[in-house]
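Engineer: Pasting a structure here, questions to come.
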Amino acid sequence: MHYLDNAATTAVSKEVAAAISSAMETQFGNPSSLYSLGAESEAALEKARAYIAASLGCAAKELYFTACGTESNNIAIQGALEARKAWGKKIVCSGFEHPSVYKQIERFEAAGYEVVWVRPDINGEINHSEIVDAVDDKTGLATFMQVNNEIGTLLPVMALAKAVKEKNSRTAVHVDGVQAFGRLPVKLNGTGIDSFSISGHKVHAPKGIGALYLRSGFNLVPPFLGGGQEKGLRPGTENLPYIIGLAKAAEAFAGKEEQLYAHVAVLNAALKTGLQGLPGAVINSPAGAIAHVVNFSLLGYKSEVMLHFLEGKKVYVSSGSACSKGAASHTLVAMALPGARIDSALRVSFSATSTMEDVNALLAALKEGQETLARTK
Ligand code: PLP
């Protein structure tokens with residue numbers, strides 16, 4: 001099979017599965033328990049935290065484990081706005097965020113917050129200065145993703161965070177880093193970023209584990225109440241096996257992001273060259289997008305119809321974002337692309353384990369699909 005939907009989720013690697021299985025069998029003690037079994041679990045927890053923190057360029061005490069990227073985004077955004085509610089009822093947000101960000105912002109908007117949505121242009125690019133210009137003394141939160149999950153647009157989040165802080169040092173800066181972690185080198189220490197979300201299942205760890213970076217000293221009201229785990233930020237007994245799995249997953253890329261990126265860039269270039277030979281193919285990802293994501297339309301062929309044709313050839317891609325099953329892509333709609341381009345859009349997403357055989361199989365299947373399927377318009 002040729003799995004090319006790695007922005008939706010990735011396969012758990014053998015090494016990660018083995019580490020989790022071993023932890024489940026041997027390290028079942030509760031990290032909060034006072035006897036030695038608990039202490040051993042706590043030591044393993046802190047070892048994993050230190051390793052993942054190092055891969056993000058932050059201190060171990062700034063990293064909190066959560067259940068997923070969605071939960072990390074919710075804790076960061078709700079917690080930051082609650083702490084700033086006395087003065088910060090304005091939000092600046094990029095216009096192509098993941099639902100776990102934009103649905104929260106919509107709720108604050110409905111509750112009376114002023115929201116500036118900075119929409120992508122028709123090429124899928126965001127005008128960075130529009131984000132910075134919109135920040136003022138009432139802005140409690142500025143939030144923007146590092147890598148867009150649908151078209152792969154890259155935002156210069158370090159520079160943006162610095163510029164936002166120069167305008168208002170009290171504005172919380174949140175970055176959804178779910179599609180960046182493991183794909184780009186990330187160094188959070190010393191940036192203006194206050195919070196940064198990651199998710200395990202995008203980097204060959206299982207679904208159901210995530211983490212949140214919170215800059216030391218950052219002011220946030222924890223939205224969940226419970227025991228004191230994760231310093232009360234994310235109470236609930238830690239999922240130690242999956243946390244160990246996340247650290248194991250990070251071992252596969254930590255410090256090697258540039259080398260792994262070069263491999264994916266070759267696949268990206270081959271795919272784009274191949275697409276040029278297909279009638280009606282038009283790329284929707286911006287020229288400077290991350291190499292891991294290629295969004296394109298095959299004009300005249302409905303996304304779902306082509307997707308299922310590819311599935312019949314054991315080639316797996318997405319018709320947009322997996323979170324929006326069947327619905328028109330939020331990002332392509334925000335770009336104001338013509339309906340014909342949105343209806344025929346496909347997203348291919350690579351991981352470091354993708355191969356040239358995958359690309360060739362996809363291109364052959366697309367060609368056959370075009371020959372076989374009746375044009376839908
Ligand atoms: N943010 C982005 C950019 C994503 O792509 C995703 C998952 O698709 C998430 C957040 C949510 O992560 P999770 O599935 O771990 O909740």
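The values are calculated or read from the model by the stated rules, or taken from the named source; none is laboratory data. Given the structure is predicted, the values throughout are model-derived calculations rather than measurements. Every residue, glycine among them, receives a Cβ derived from its backbone with ideal geometry; neighbour counts consider all protein chains shown. The accessibility values were calculated without ligands, DNA or RNA, using every heavy atom of the protein model including side chains. Shrake-Rupley method; radii C 1.70, N 1.55, O 1.52, S 1.80 Å.
Engineer: Given the criteria of a type in the set (D, E, K, R), outside any loop (DSSP other than H, G, I, E, B) and modelled with pLDDT of 95 or more, does Glu230 qualify?
Structural biologist: Answer is yes for this residue.
Engineer: Here's another thing I want to ask about it. Can you confirm whether Phe28 is hydrophobic (A, V, I, L, M, F, W, C) and either open to solvent by less than 10 Å² (accessible area, probe 1.4 Å) or part of a helix (DSSP H, G or I) (or both)?
Structural biologist: For Phe28, the condition - hydrophobic (A, V, I, L, M, F, W, C) and either open to solvent by less than 10 Å² (accessible area, probe 1.4 Å) or part of a helix (DSSP H, G or I) (or both) - is not met.
Engineer: Quick one: would you say Ala17 is open to solvent by less than 10 Å² (accessible area, probe 1.4 Å), more than 14 Å from the ligand (Cβ to nearest atom) and assigned to a helix (DSSP H, G or I)?
Structural biologist: no
Engineer: Sticking with this one: Looking at (1) within 16 Å of the ligand (Cβ to nearest atom); (2) in a loop (DSSP other than H, G, I, E, B); (3) touching a helix residue (DSSP H, G or I) at 6+ places or on another chain (Cβ under 8 Å), find the lone condition where Ala11 falls short.
Structural biologist: (3)
Engineer: Right, something else. State which residue is farthest from Ala172 (Cα to Cα) when the search covers only the stretch 56-65 and only residues that are in a helix (DSSP H, G or I) and either out of contact with any Asp or Glu (no Cβ under 9 Å at 6 or more places or on another chain) or more than 16 Å from the ligand (Cβ to nearest atom) (or both).
Structural biologist: Per the stated criteria, the residue is Ala60.
Engineer: Take Tyr3 and decide whether it is open to solvent by 50 Å² or more (accessible area, probe 1.4 Å), aromatic (Phe, Trp, Tyr) and under 30 Å from Leu346 (Cα atoms).
Structural biologist: yes
Engineer: Among the listed residues Ala39, Ala111, Ala50, identify the single one that is out of contact with any strand residue (DSSP E or B) (no Cβ under 6 Å at 6 or more places or on another chain), within 20 Å of Leu188 (Cα to Cα), open to solvent by 40 Å² or more (accessible area, probe 1.4 Å) and among the small types (Gly, Ala, Ser).
Structural biologist: Selected residue: Ala50, the only one of Ala39, Ala111, Ala50 that is out of contact with any strand residue (DSSP E or B) (no Cβ under 6 Å at 6 or more places or on another chain), within 20 Å of Leu188 (Cα to Cα), open to solvent by 40 Å² or more (accessible area, probe 1.4 Å) and among the small types (Gly, Ala, Ser).
Engineer: Give the residue that is nearest to the ligand (Cβ to nearest atom), with candidates limited to residues of the stretch 150-181 that are more than 29 Å from Val294 (Cα to Cα) and buried (at least 24 other Cβ atoms within 10 Å of the Cβ).
Structural biologist: For the stretch 150-181, the residue satisfying everything is Ala172.
Engineer: Separate question: Restricting to the stretch 66-104, name every residue that is outside any helix (DSSP H, G or I), open to solvent by 10 Å² or more (accessible area, probe 1.4 Å), touching a residue at least 40 places away in the same chain (Cβ under 8 Å) and not charged (D, E, K, R).
Structural biologist: Passing the criteria: Ala67, Cys68, Trp87, His98.
Engineer: Just to check your reading of the model, which residue among Gly217, Gly140, Gly192 is over 30 Å from Thr9 (Cβ atoms), free of Cβ contacts under 8 Å to residues at least 12 places away in the same chain and either open to solvent by less than 30 Å² (accessible area, probe 1.4 Å) or more than 16 Å from the ligand (Cβ to nearest atom) (or both)?
Structural biologist: Step by step, each of Gly217, Gly140, Gly192 is checked, and only Gly217 is over 30 Å from Thr9 (Cβ atoms), free of Cβ contacts under 8 Å to residues at least 12 places away in the same chain and either open to solvent by less than 30 Å² (accessible area, probe 1.4 Å) or more than 16 Å from the ligand (Cβ to nearest atom) (or both).
Engineer: While we're on this one: Pick out, from the stretch 262-362, the helices (runs of 4 or more DSSP H) lying fully within it that include 1 or more residues that are in contact (Cβ under 8 Å) with a residue 24 or more places away in the chain and more than 16 Å from Thr153 (Cβ to Cβ).
Structural biologist: Qualifying helices (runs of 4 or more DSSP H): 303-312, 339-343.
Engineer: Could you check Pro235 against (1) of a type outside the set (D, E, K, R); (2) closer than 30 Å to Asn73 by Cβ; (3) open to solvent by less than 10 Å² (accessible area, probe 1.4 Å); (4) modelled with pLDDT of 95 or more and say which number it fails?
Structural biologist: With respect to (1) of a type outside the set (D, E, K, R); (2) closer than 30 Å to Asn73 by Cβ; (3) open to solvent by less than 10 Å² (accessible area, probe 1.4 Å); (4) modelled with pLDDT of 95 or more, Pro235 is out only on (3).
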